[in-house]
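Read through the structure below, which is laid out as structure tokens, and then see the notes.
The values are calculated or read from the model by the stated rules, or taken from the named source; none is laboratory data. Model, not experiment: these values are computed from the prediction. In this analysis, Cβ positions are derived from the backbone assuming ideal geometry, glycine residues included, and neighbour counts consider all displayed protein chains. Just so you know, the surface numbers come from the protein's heavy atoms only, side chains and all, with ligands and any DNA or RNA stripped out. Shrake-Rupley method; radii C 1.70, N 1.55, O 1.52, S 1.80 Å.
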Amino acid sequence: MNIKVKDLIVTDIAVKRLLLKSSFYEFFKFYWDVINHEPLVDNWHIKYLCDELQSVAERVFRREKKLYDLIINIPPSLSKTSIVNIFFPLWCWVNDFTLQFINISYSHQLSTAISEKCRDIMRSDKFQTYFYDIKIKEDSDTKQYFRIQKDRTIGGFRYATSTGGTIGGMHGHFIILDDPINPADSLSDVMVRNANEWLDNVIYSRKVDSEVSVVILIMQRLHENDTTGYMLSKNADKIKHICLPAEIDDKNLPKPIGLKKYYKNNLLDEKRLSREILEQKRVEMGDYAYAMQYLQTIVPK
């Protein structure tokens, strides 16, 4: 039997495409280098978060009633924005190109910069090699807002805005809040309250389907009544809360508690957040900011 090289290449692409569609974690690792010059420093929390997001997304693919919204508290510099805000929409679209995303960060400039990275991956040769049928619609292609199309069929979109910004006419299957409060603003009770009121008055009315659409919040703790505290105070029974302190002890444990087994020497990530680095952060930031942002511990000012 004669097998042509072209046939082998087509088969290889089809197999790889299937793997990437079936695993968000594999997708994340595979496309990491498209927008990152430094190699990925993998750690157990990356696969854990990818798997959690995939579980949530697969219910949305089937338009099933959601089990919960998701809150993830995690220290800075652990690829949280890349996982949730850049790569996650892309992986969702290769499985269901009709999905609509509203992505929010504390500033408009930050939101659009993140959106641009998402857009750059989709445009890349590496992405188009395996997902040649998924593209950005040419006449709806900006940093803030772009639509997806598969072949010639128009699908979903990604709309980037900031806390307090306008979302007129937009509804999402996923509403992603990625650092909705600036750490500097968290020192102001008024700014924190304004962010929470905007959440109530704007965000919760922006769902495609209230039973299916999912709100995903990822941030480090900043204030006892920050977006995490506020959402938990209202609907804790309808939220899955994942909390990953940089280091743990008997009084400060991760959520869910079972994640404790993944910590090595009581550290979340020994490479990026070693004891030496954490001590440096504590000295630089002071005890209050360090406890909130790295330990995810609520302490009085």
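Brief remarks follow.
- Annotation: amide H of Ser140 within the under-5 Å range of Arg147, sequence separation 5 or more or interchain, hydrogens built in the peptide plane.
- Where a label projected 7 Å from the Cα of Lys234 along Cα→Cβ would reach, residues of segment 168-186 with amide N under 19 Å: 168-182, 186
- Solvent-accessible area, 1.4 Å probe, carbon plus sulfur percent, for the chain: 51 percent
- Counting heavy atoms of the protein chains alone, Val299 has an accessible area of about 50 Å² for a 1.4 Å probe.
- With 28 Å as the limit on Cα-Cα distance, the pairs of Lys117/Lys260; Lys47/Lys137; Lys47/Lys271; Lys117/Lys251; Lys47/Lys240 that go past it are Lys117/Lys260; Lys47/Lys137; Lys117/Lys251.
- Relative contact order (percent, whole number), the chain, Cα cutoff 8 Å, 6+ residue spacing: 21 percent
- Per residue, segment 26-124 exposes an accessible area of 36 Å² to a 1.4 Å probe, with every protein chain left in place.
- Treating r as the C-beta distance of Ile13 and Leu40 and R0 as 22 Å, the FRET efficiency rounds to 0.45.
- Cα centroid separation, segment 187-229 to segment 253-270 (Å): 27 Å
- Burial ranking of peptide ranges 272-282, 115-125 (average Cβ count within 10 Å, highest at the top): 115-125, 272-282
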